Structures are given as C-alpha cells and as structure tokens.
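The values are calculated or read from the model by the stated rules, or taken from the named source; none is laboratory data. Here the structure is a predicted model, which is why all the values come from computation and not from measurement. We place every Cβ from the backbone using ideal geometry, glycine too, and count neighbours over all the protein chains shown. Just the protein is used for accessible areas: all its heavy atoms, side chains included, with ligands, DNA and RNA removed. Shrake-Rupley method; radii C 1.70, N 1.55, O 1.52, S 1.80 Å.
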Amino acid sequence: MSRSVVDTASIPGWGSDADPGNDPTYPMRRIDDQSSRGMDWDRPAPQTPTVEVLSSIEHRRLPAVTGTATPPSGISGALRRLAFRRSESDWWHWLLLMGADRINVVEGVVEDLGRGRVPNIPAEMGIRAEWRHNRKGLATKLGIVAAGALAGYLLVRGSRDGDRSADAAGHAGHDRPGSAAIGADIHPAMRPS
C-alpha cells in the first residue's frame, strides 16, 4: 500500500457533497418550505390493531400500518415485551429480541408437534438451496455440527464412566472396617486414585 499524498481533485466525485448548494440531499434537511415543493400530505388514517403490537419507547405513536399476523405470545412474547421496555440504543434490547427469536423457533416446533405435524426442518433451513449453491459452506456447517455432537457425546459418556468407576471404587472399600467413612464427603472426582 502506497503512503504517497493523493491529489483529491483528480478523484472523480471526491467532495461532491462539500458544497451545501450542490448537495442533492440538502434541501430535504430544511422542512420549513415543504408545501412549496409539493411535499405536504395528510397522514393516512392509522390502522387499528386488533392484537397486541409492541412499539419502541422512542416513538410516540404506531406507524400507519402495523403487522398483526403474529402477536407476541408464550415465553418469546414475554421476552419481547421486556425488550421493548428498553431503548433501542441499549444492547439488552437487541439481545432479548434475538433470544426471543430463538425461543420462538422452539415454540413453533413444539406447536407443530402438538398439532400432529412433523416439521420439515431441513427444508425450512434451506438445505436444498444450500446444497445447490454453497456445497462447501454446507459441508463445513455439517462438519461443525457433527464435531459438536461427537464432543457432547464423549463428554456425557466420560462423565457417566467417571461416575461408574467412582461408585465402584467407593463400594469396593466398604469391605474393610471403617473404610466407608474415609473420603465419604469428598467428591468422586477429587478422590485420590
């Protein structure tokens, strides 16, 4: 990368917004003469929601049209209500909304199973399109999932084997008199081998 000084006058378009008289967005910043430019309009009649609609605390009113197809419900709805008590500039607002989205997916699967429908999760995740257009990415994702599943299985299996060997060692010592009290209050993983 070159560190030489660049003459900005030789770059097409450089500084095109420096002059307020030549800035195409500058007139939009002045709202005092909207009617002379044909930009005065009546606000449309607001839609009357028939379900709960969550709105930001930064806004005084709902927009003219609101989405009412999926009102907040369940655990995810409670998280969304909690998120909308916070400002949009607060990172907890967005973390709660992302968490609510993940929980809502699980709630949807449970609801489908409750109605006797088995959801086609691979199709809903777009596996066919991913296979067609991004095979390398799909293979990487499947490898990560397989590695995670294997690691989880080995952790569970290892903890079960550790509990069994600790139980066997604890029961084997009961043959000697007074050995049951030795190390009884020590966690099996902390006992000397």
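If GLU58 meets every condition in (1) open to solvent by less than 70 Å² (accessible area, probe 1.4 Å); (2) assigned to a loop (DSSP other than H, G, I, E, B) apart from one, which number is that one?
Condition (1) is where GLU58 drops out.
If we scan region 115-136, do we find a residue that is open to solvent by 70 Å² or more (accessible area, probe 1.4 Å) and among the β-branched types (Val, Ile, Thr)?
yes
Across region 67-84, which residue is most open to solvent (accessible area, probe 1.4 Å) among those that are outside any helix (DSSP H, G or I) and more than 30 Å from ASP42 (Cα to Cα)?
The qualifying residue most open to solvent (accessible area, probe 1.4 Å) is SER73.
Confirm whether ALA64 is among the small types (Gly, Ala, Ser), assigned to a loop (DSSP other than H, G, I, E, B), open to solvent by 90 Å² or more (accessible area, probe 1.4 Å) and on the phi < 0 side of the Ramachandran plot.
Numbers: among the small types (Gly, Ala, Ser): yes; assigned to a loop (DSSP other than H, G, I, E, B): yes; open to solvent by 90 Å² or more (accessible area, probe 1.4 Å): no; on the phi < 0 side of the Ramachandran plot: yes.
In short, no.
For region 37-45, state whether one or more residues are charged (D, E, K, R), open to solvent by less than 70 Å² (accessible area, probe 1.4 Å) and assigned to a helix (DSSP H, G or I).
At the first step, the residues of region 37-45 found to be charged (D, E, K, R) are 37, 40, 42-43.
Add one more test, that the residue is open to solvent by less than 70 Å² (accessible area, probe 1.4 Å), and what stays is none.
Looking for residues that are charged (D, E, K, R), open to solvent by less than 70 Å² (accessible area, probe 1.4 Å) and assigned to a helix (DSSP H, G or I), one finds none in region 37-45, hence no.
Tell me which residues, restricted to region 94-107, are without any contact (Cβ under 8 Å) to a residue 24 or more places away in the chain and open to solvent by 30 Å² or more (accessible area, probe 1.4 Å). Quick ask: steps written out before the conclusion?
Residues of region 94-107 without any contact (Cβ under 8 Å) to a residue 24 or more places away in the chain: 94-99, 102, 105-106.
TRP94, LEU95, MET98, ARG102, VAL105, VAL106, listed by residue number.
Return yes when ARG176 is open to solvent by 100 Å² or more (accessible area, probe 1.4 Å) and at pLDDT below 90 and no when it is not.
Answer is yes for this residue.
Residues are listed down the side, and each one gets a yes or a no for (1) of a type in the set (Val, Ile, Thr); (2) modelled with pLDDT under 95; (3) not in a helix (DSSP H, G or I):
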| residue | (1), (2), (3) |
| --- | --- |
| ARG86 | no, yes, yes |
| SER89 | no, yes, yes |
| HIS93 | no, no, no |
| VAL118 | yes, yes, yes |
| GLU130 | no, yes, no |
| ALA147 | no, no, no |
| GLY158 | no, yes, no |
| ILE182 | yes, yes, yes |
